[in-house]
Amino acid sequence: MAGITLSSAVRTNLNSLQATSSLMSAVQERLSTGKKVNSALDNPNSFFTAQGLENRASDLSTLLDDMGQSIQGLKAADKGISSISDLVDAAKAKANQALQTSSQTERAQFATEYNELLGQIEDLAKDAGYGGKNLLGGTGNDLSVVFNEDGTSSLSISAVDYTDTSLSTGLNLSDLATAVDGTGTLSFTAASTTTTLTTSTQFASGDTLTLTDANGSEVASITIDDTTTVADLEAVYDGLDGVSASFASNALTITSEYVLTTSSSGTLPDETTNGTDSGFATDTAIESTLSSLKSAQDTLRAQASTFGTNLSIVENRQDFTKALINTLEEGAGKLTLADTNEEGANLLALQTQQTLASTSLSLAAQADQNVLRLF
């Protein structure tokens, strides 16, 4: 205060005590915050440099989260491809089973099961998404992974479309035709099922009827003699898997689960049931399907390799970004963090100095009081 006069000794000790208190406050702040630079006032250069490093580390941390989500999306797609590959193997097994049997009824069943597997492939591809993106879902599902804060380093991952197996840009596997029952009619000049076929002018003893499927394979044959009746011929058809026959009004109506052709060495015209064969009716069709399945499997393996490469790149950049964030934060710490051991020692020294300054101030004040002894 302006109205109070202090002696030189008292003022010197007071200034020293004030300076010590100020230093103690600064040291205590460093110890409480753990930083030696808490604001731009402490050290502008270190403060703003450290802030820039911390801001970049924060931006990279956000990108690090995006990388992690991208990795999960790639893993989901890879799992999807692996499962689709298993279904393609199952479809291949169905085709091979069809190739190993001559029964058109069994082949039709295998064709139906094959189509069901293709449907499962499409459903699985639709379910392989993660976080709103499906790398097996086609258009609109491309994934872009950004690696640095200004977006100049990135990776574009193109989606494929396996949700429709028939697409030529995808697996190129089309559904097979399913068998449709058909009927055909053989007309005779016979009055009943017990009438012998040679009683008409259509047949002679020694004529043969040959039944063939779409593959050209002989299904059955019957040689006609003087004792062969309409009932005998009807029994031949009824004995075939997936085929039935009934005689009425001088006509034998044949119902078949596959296209069946009846050829005669006599004058009876050839007759073919008017149904539809399955996509596995001929060996050639099955072999073509097996070739398509092999191509699809090759496509899946190539795509899995591509996604695997993308995954390796993203994981590598993720590890690099983590290391870079640590480096940035460590660098910022070197500029702003306090050495708590050193600051603790400083505080202890200042406390000692403060005690000494207080004692010295007290002594200086006592010296000024000596004048009172003169009165």
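The values are calculated or read from the model by the stated rules, or taken from the named source; none is laboratory data. The model shown is predicted, which means the values in this text are computed figures rather than measured ones. Reconstructed Cβ throughout: ideal geometry from the backbone, glycine too, with neighbour counts over all protein chains shown. Side chains are part of the model used for accessible areas, which takes the heavy atoms of the whole protein and leaves out ligands, DNA and RNA. Shrake-Rupley method; radii C 1.70, N 1.55, O 1.52, S 1.80 Å.
The rows are residues; the columns are (1) hydrophobic (A, V, I, L, M, F, W, C); (2) out of contact with any strand residue (DSSP E or B) (no Cβ under 8 Å at 6 or more places or on another chain); (3) outside any helix (DSSP H, G or I); (4) farther than 30 Å from E113 by Cα.
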{"position": "I254", "(1), (2), (3), (4)": "yes, no, yes, no"}
{"position": "T267", "(1), (2), (3), (4)": "no, yes, yes, yes"}
{"position": "R301", "(1), (2), (3), (4)": "no, yes, no, no"}
{"position": "N316", "(1), (2), (3), (4)": "no, yes, no, yes"}
{"position": "L324", "(1), (2), (3), (4)": "yes, yes, no, yes"}
{"position": "L328", "(1), (2), (3), (4)": "yes, yes, no, yes"}
{"position": "L335", "(1), (2), (3), (4)": "yes, yes, no, yes"}
Checklist entry - Looking only at residues in the stretch 121-140 that are over 13 Å from G80 (Cα atoms), free of Cβ contacts under 8 Å to residues at least 40 places away in the same chain and not hydroxyl-bearing (S, T, Y), which one is most open to solvent (accessible area, probe 1.4 Å)? => result G132
Checklist entry - Listed residues L118, L143; which is modelled with pLDDT of 95 or more, farther than 30 Å from G266 by Cβ and surrounded by 15 or more Cβ atoms within 10 Å (Cβ to Cβ)? => result L118
Checklist entry - Here is a list of conditions, (1) open to solvent by 40 Å² or more (accessible area, probe 1.4 Å); (2) within 55 Å of the chain's Cα centre (by Cα), and T212 meets all of them except one; can you say which number that is? => result (1)
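For every residue, the table says whether it meets (1) buried (at least 21 other Cβ atoms within 10 Å of the Cβ); (2) in a helix (DSSP H, G or I).
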{"site": "K75", "(1), (2)": "no, yes"}
{"site": "S85", "(1), (2)": "no, yes"}
{"site": "Q97", "(1), (2)": "no, yes"}
{"site": "R107", "(1), (2)": "yes, yes"}
{"site": "D150", "(1), (2)": "no, no"}
{"site": "D175", "(1), (2)": "no, no"}
Checklist entry - Going by the conditions given, is T183 surrounded by fewer than 17 Cβ atoms within 10 Å (Cβ to Cβ), over 16 Å from the mean Cα position of the chain (by Cα), hydroxyl-bearing (S, T, Y) and not in a loop (DSSP other than H, G, I, E, B)? => result yes
Checklist entry - For the stretch 215-236, how many residues are closer than 14 Å to S263 by Cβ and surrounded by 16 or more Cβ atoms within 10 Å (Cβ to Cβ)? => result 5
